[in-house]
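This report refers to the structure that appears directly beneath it.
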Amino acid sequence: MTKEYFTTGEVARICGISHRTVVNYCNSGRIRAEQSPITHYRRIPRRELVRFMLRNGLSLELIEKFESESAEKPSHVAQE
């Protein structure tokens with residue numbers, strides 16, 4: 001499953017950084033996030049996550065690994 005948008009928590013897990021760091025990066029513009037008009041939660045477009053990872057020397061395989069692990073979990077199991 002290829003996701004178009006990621007939550008700040010998902011980006012934190014993918015990149016191996018804390019959720020707070022992702023939020024700080026969004027606030028400073030280091031990661032460009034969109035805000036949902038309904039929930040007002042931040043969501044990071046895939047293209048922006050890829051840009052951030054390439055600029056910071058992170059392997060794009062981390063996204064693939066995250067998506068394959070997410071696909072293996074049953075939908076009724078809450079994600080951490």
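The numbers here are math on the coordinates, done by the rules we state, and not lab data. Just so it is clear, the model here is predicted, and its values are computed rather than measured. Every residue, glycine as well, gets a Cβ built from its backbone with ideal geometry; the counts of neighbours run over all protein chains shown.
Summary of computed values
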quantity: Viscosity 1.002 mPa s, temperature 20 °C, Stokes-Einstein D of the range 5-72 from Kirkwood C-alpha radius, µm²/s; calculated: 177 µm²/s
quantity: Trypsin sites (Lys or Arg not before Pro) within the range 1-70: DSSP coil, no more than 13 neighbouring Cβ in 10 Å; calculated: ARG30
quantity: Percentage relative contact order, the chain, counting C-alpha pairs under 8 Å, at least six apart; calculated: 31 percent
quantity: Chymotrypsin sites (Phe, Trp or Tyr not before Pro) restricted to the chain and DSSP loop, no more than 13 other C-beta within 10 Å; calculated: TYR41
